[in-house]
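The values are calculated or read from the model by the stated rules, or taken from the named source; none is laboratory data. The shown structure was predicted, so the numbers you read here are calculated from the model rather than taken from an experiment. Glycine gets a Cβ as well: all are built from the backbone with ideal geometry, and neighbour counts include every protein chain shown. Quick note on the areas: whole protein, heavy atoms, side chains included, nothing else; ligands and nucleic acids left out. Shrake-Rupley method; radii C 1.70, N 1.55, O 1.52, S 1.80 Å.
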Amino acid sequence: MSYTIEGATGIWEIVCGLEVHAQVISRSKLFSGAATDFGSAPNTQVSFVDAAFPGMLPVLNEECVAQAVRTGLGLNAQINLTSRFDRKNYFYADLPSGYQISQFAHPIVGRGEVEIELADGSTRQIGVTRLHLEQDAGKSLHDQDPARSFIDFNRCGVALMEIVSEPDIRTPEEAGAYLRKLRTVLRYLGTCDGNMDEGSMRADVNVSVRHAGEAFRTRCEVKNVNSIRFVMLAIEAEARRQVEVWESGGEVVQETRLFDPARQATRSMRSKEDAHDYRYFPDPDLLPLVLDQGWVEGLRAGLPELPDAKRARFVRDYKLPAYDAGVLVAEQSTADFFETVARGRDARLAANWITGDFFAALNRTGRTIETSPVPAGDLGALLDLLGDGTINGRIAKEVFEAMVETGAAPGEIVERRGLRQVTDTGAIDAAVDAVLAANPDKLAEYRGGKDKLFGFFVGQVMKAMEGKGNPGLVNEALRGRLAS
Amino acid sequence: MLTDLTITAAAGALRRGDFTARELTQAHVDAVAALNPRLNAFITVTSERALEQAEAADAALAAGEAGVLAGIPLAIKDLFCTAGVRTTAGSRILEHFVPPYESSVTANLLRDGAVFLGKANLDEFAMGSSNMTSAFGRVENPWKRVGDAEAMLVPGGSSGGSAAAVAARLVMGATGTDTGGSIRQPAAFCGLAGIKPTYGRCSRWGVVAFASSLDQPGPFARTVGDCALLLGSMAGFDAKDSTSVDLAVPDFAAACRRGVAGLRIGVPREYRADAMPEAMERLWRQGLQWLRDAGAAIVDVSLPHTKYGLATYYIVAPAEASSNLARYDGVRFGRREDGHDLTELYERTRAAGFGAEVQRRIMIGTYVLSAGYYDAYYLRAQKVRALILRDFTEAFGQVDALLTPTAPTAAFAQGEKMDDPIAMYLNDVFTVPASMAGVPAMSVPGGLDAQGLPLGLQVIGRPYDEETVFAVSQVIEDAAGFSAMPAIRAGVAA
Amino acid sequence: MSLDPATVRRIAKLARIRVEAGDVGRLQGELNDILGWIETLSEVDVSGVAPLTGGAQIVLRLRADEVTDGGMAEAVLANAPDRVGAFFTVPKVVE
Ligand SMILES: [Mg+2]
Ligand SMILES: [Zn+2]
């Protein structure tokens, strides 16, 4: 699918790469024993290490390393058995030590890739350049006081994975698909909760534009975009701005910009325009990080089945259409829910119910799969009642709505409300006779060749039987009587 | 006099009940009161705390639960954070900083019953070789040139206050830190024994950082054996310091009694500086003879990159310092100068808070790490550092330890070498290579120069082999019979 | 490589140390003396030499992921030159 911007001087294409900062799920910080919980009272999750007091030293958290390796494995990436921590030096209010400990020259994870699926069903590989571990900064509050900014170091030192993509992205849609897929993989792995609202996943967007076939032009970095939708909008806005600059005879200058969602435009971030010279050098308080191949293999063995593999298996083993399989694996919990329902049942029927009525009910009630009023076992039991002919499809929908409303089991609802379908041919014949007797004119029209009226008679019979008639038997009885 | 005792002797006497820890501490408290106003060896004196600690030591001694250093009065270089006691690093920027935590090394000493008389003066952020850069004033070396009571000599640096306090008998021992010679050079200038252990032997946790890859705590005392006792307490694995080595602490005091029979001692030919004073030259030869007499074999070795040690040091140390000192920004602790915006606050705070030498080194360090210069300076220095380490590794393939002078000269007078930073830096020419290589090195007093000032010999050992360093140093101490005392000391009105 | 006054000012800016205009010349001289002296390193043949970063010849130890620290906002704030409640403060930062 091509996406281009038509300018006065021709067709422009977007070149985009993403730097995603993903907060590592760990109990304590990357280099200190302080907690990582979100939303705690200011400066309560701060150790003297985090606040960079004199003489304090970093000690690396093993779980954060394991999480980075798991993520690398999940991205089919190169795991670097030797990596190193460097200091990135700059002064800022939210950076107590005056340097961020990061991995610059030797990241823990090298090249990998992410497969994205697009709306037209096509797939693309987006290259991952590297993943490295680094510390998060603290938080500044600028709106509490007319003259001062307030600083809270709770987040300072929390482990981040910076995941840098190749400039392989060509459309806002691809950027969205990449971020969604990355988030899915991180959640499957349990290495990041992917929550962009709470800032545990943030994206820096590098954008440039060019005419097809040209070399890369100057790029700008749009910092800290905090939702997938805004990323897509920011790319579009920034690309349009750059096209305008180039076409008006100007020159795009490499700079850091911010996206303003209200104006749907980017603006220059002047505070970051000081000459950048980070003076990276190896952190002398730390030593090279050397991993054991066996340890890495142990982590590999413990990885869950990842979305791509799961989707392929769903298509193969459950004979699902690729699109449905893709929807079901988007969240681990949905996939698990599906497998519980599908086990020993008609899998396609299970998939249809989940992506149809079930998702609609969650949406309507504002619930998630974890808080669903209908557990997987109950949905399975409903499909069983449908499968063994206890209820028909129409009643099943009614039962399902009752399940959503009351949380009761389907068998109980069917019994309590007397919803078993009627398979007694005597009762069905009687209903058919009554309907035909009550509609002599329609019967005559039918006999006169108006075949379409067959549906009308089915409807009337079902209505007379309060919807509980076995549809097959009703059809059969009607066909028999109308033919005679 | 109680203040003339060694730690070893005092520890025995306390256990026999010859005197109490309180009496021993009081004698030193009195000495501090009498002489510190002149020497300025302490930035902060904690006499009351010391007397309380002494009483606790007496209780422990009486209960038979006393640690090896119970009741021993020490000075703590004011670079070690001490819980509840102001820690300045010799800088205005930390003038009022009171750490809420205790450094691992001082915690070890407290665990063993030591008594802290106060925080010893030092060059600002340990950057200096004269103790002239302290924001809290210069320290006077208690030694005097013969016939010259006027000239005030420097105690060396950066641990100058520690060295002066031990030499003048204000305390029985002291902690120091050594980044390029900051224990060994002041030990030599003040007629003391002092050891920089192997990098990683003593924890750096809670020690204000100067150059992280070089900084290493160590002790000062008046004898090699006392240093062994102190280091035995200070050293040890610390999980809070990622560069701390997980090795058992050997019995250093036992190592002092090993002798040198059968050992091979190397003489690095590159340490024969042209301008070395005759007395220093003679003492070095004498030291080698003492070791030969005690059964060691003397072997000529080469450390070909010695002459590049100092230049390497003056890239690596300022580079690390420029980053380590970025945290002194006036926001979370320490001095703040107001500014109308954040940048102005930083710039004014750091200009007012740091002295000239610290500012100079931060700027050199900033420059050698900056874009376009990193490869030419910092990366190249790291490679030369690798060559310096290789020199030592190869030498230690042939010999068990090295013997060199500690410093090119004896203590100089305050005011000398002050206007030329490089002349000052040359003080560390013999001590810096061992720092760059991370190997243990000790200065031990060997004799006096023609002006009656102490001269030190440096014993350098293999990584983690402080035991051989102590053994060799003890033989030199025994042979030298160094018994000279500084002019200014407890009980002597100078 | 010798520093010009603009570079001295740029380094001072990077290091966040205020240098008065009248001090630039003095600093330039001092820094150039030191840099000229450390220039001797350029004569060492370092080809094929791996850089040595640290004094410790060991590999990095890792710690277990446990919460062992924090929960002491007062102690962390006790030395602050300025604070409001449980926050540190700086002059207002405009982004
Ligand atoms: Mg980045
Ligand atoms: Zn980052």
Loop only per DSSP, at most 13 neighbouring Cβ atoms within 10 Å: give me the trypsin sites (Lys or Arg not before Pro) in region A:135-209, ordered by residue number.
none
List the residues whose amide H sits under 5 Å from the amide H of residue B:464, counting only those 5 or more places along or on another chain, with H placed 1.01 Å from N in the peptide plane.
B:198
Per DSSP, loop GluC sites (Glu not before Pro) in region B:436-494 with at most 15 further Cβ within 10 Å:
none
Region B:375-419: which residues show an accessible-area loss of 50 Å² or more, assembly versus chain alone, 1.4 Å probe?
B:377, B:380, B:382, B:383
Can you give me the pair-distance distribution of region A:4-298, C-alpha pairs, 5 Å bins, whole percents?
1, 5, 11, 15, 17, 16, 14, 10, 6, 3, 1, 0, 0
Ignoring everything except DSSP H segments at least 4 long, calculate the 222 nm mean residue ellipticity for chain B; use -39,500 (n - 2.57) per segment, divide by total residues, nearest 500.
-11500 deg cm²/dmol
Cross-link partners among lysines for residue A:452, C-alpha distance below 20 Å, same-chain residues fewer than 8 apart left out?
A:442, A:463
Go through region A:324-338 residue by residue and turn each phi into a ³J(HN,Hα) via Karplus (6.51, -1.76, 1.60, θ = phi - 60°); whole Hz please, and just put x for glycine and proline.
4, 4, x, 5, 5, 8, 4, 10, 4, 5, 5, 4, 5, 4, 4
May I ask you to evaluate 6.51 cos²θ - 1.76 cosθ + 1.60, the Karplus curve with θ = phi - 60°, for each residue of region B:326-338 and list the ³J(HN,Hα) values in order in whole Hz, giving x for glycine and proline?
5, 6, 8, 10, x, 9, 9, 6, x, 5, 10, 10, 5
Rounded to the nearest whole Å³, what is the per residue volume of the convex hull around the Cα atoms of region A:411-480?
79 Å³
Kirkwood-based Rg over Rh for the protein assembly as shown (C-alpha set), two decimals?
1.14
What percentage of all Cα-Cα pairs in region A:239-317 are separated by more than 16 Å?
77 percent
Projected onto their principal axes, the Cα atoms of region A:303-351 stretch, largest extent first, over whole-Å spans of 28, 18, 15
Using a 1.4 Å probe on protein heavy atoms only, how many Å² of accessible area do B and C hide from each other, summed over both chains and rounded to 100?
5200 Å²
For the pairing of chain A with chain C, what total accessible surface becomes buried, with a 1.4 angstrom probe, in square angstrom to the nearest 100?
3900 Å²
For residue A:148, list long-range residues whose amide hydrogen, built 1.01 Å from N in the peptide plane, is under 5 Å from its own amide hydrogen.
C:92
Does any residue of region B:65-99 lose at least 10 Å² of accessible area with all protein chains in place compared with its chain alone, and if so which ones (probe 1.4 Å)?
B:97, B:98
Let me know the shape class of chain B, please: from the alpha-carbon gyration tensor, a ≥ b ≥ c as square roots of the eigenvalues, rounded when a/c is under 1.5, otherwise prolate if a/b is greater than b/c, or oblate.
rounded
Set of aspartates and glutamates near residue A:468 by C-alpha distance (under 15 Å), chain-local residues within fewer than 8 positions excluded
A:388, A:398, A:415, A:424, A:429
Measure off, as a whole percent, the carbon and sulfur share of the 1.4 Å-probe accessible area of the protein assembly as shown, all protein chains present.
50 percent
Tally Lys/Arg at +1 and Asp/Glu at -1 over every other residue whose Cβ is under 12 Å from the Cβ of residue A:387; what's the total?
-2
Per-q log10 I(q)/I(0), region B:105-264, q = 0.10, 0.11, 0.15, 0.20 Å⁻¹ (Debye; single scatterer per alpha-carbon; no solvent):
-0.36, -0.43, -0.78, -1.28
Per DSSP H run of n ≥ 4, the term is -39500 (n - 2.57); total these for chain A, divide by its residue number, and report the mean residue ellipticity at 222 nm rounded to 500 deg cm²/dmol.
-12000 deg cm²/dmol
Provide, in order from the shortest bin, the percent of all Cα-Cα pairs of region A:305-417 in each 5 Å bin, continuing until the bin that contains the maximum pair distance.
2, 12, 25, 23, 18, 12, 5, 2, 0
Of every Cα-Cα pair in chain C, the percent that sits beyond 17 Å
76 percent
Could you pull out every one of the lysines with an alpha carbon less than 28 Å from that of residue B:383, ignoring same-chain neighbours closer than 8 positions?
A:88, B:196, B:307
So, for the protein assembly as shown, what is the accessible surface per residue at a probe of 1.4 Å, expressed in square angstrom?
36 Å²
Whole Å is fine, so just give me how far the alpha carbon centre of region A:293-311 lies from that of region A:166-203.
19 Å
Loop-located chymotrypsin sites (Phe, Trp or Tyr not before Pro) in region A:210-282, at most 11 other Cβ atoms within 10 Å (DSSP):
A:216
Degrees separating the helix A:228-247 axis from the principal Cα axis of chain A, which is the longest one
60 degrees
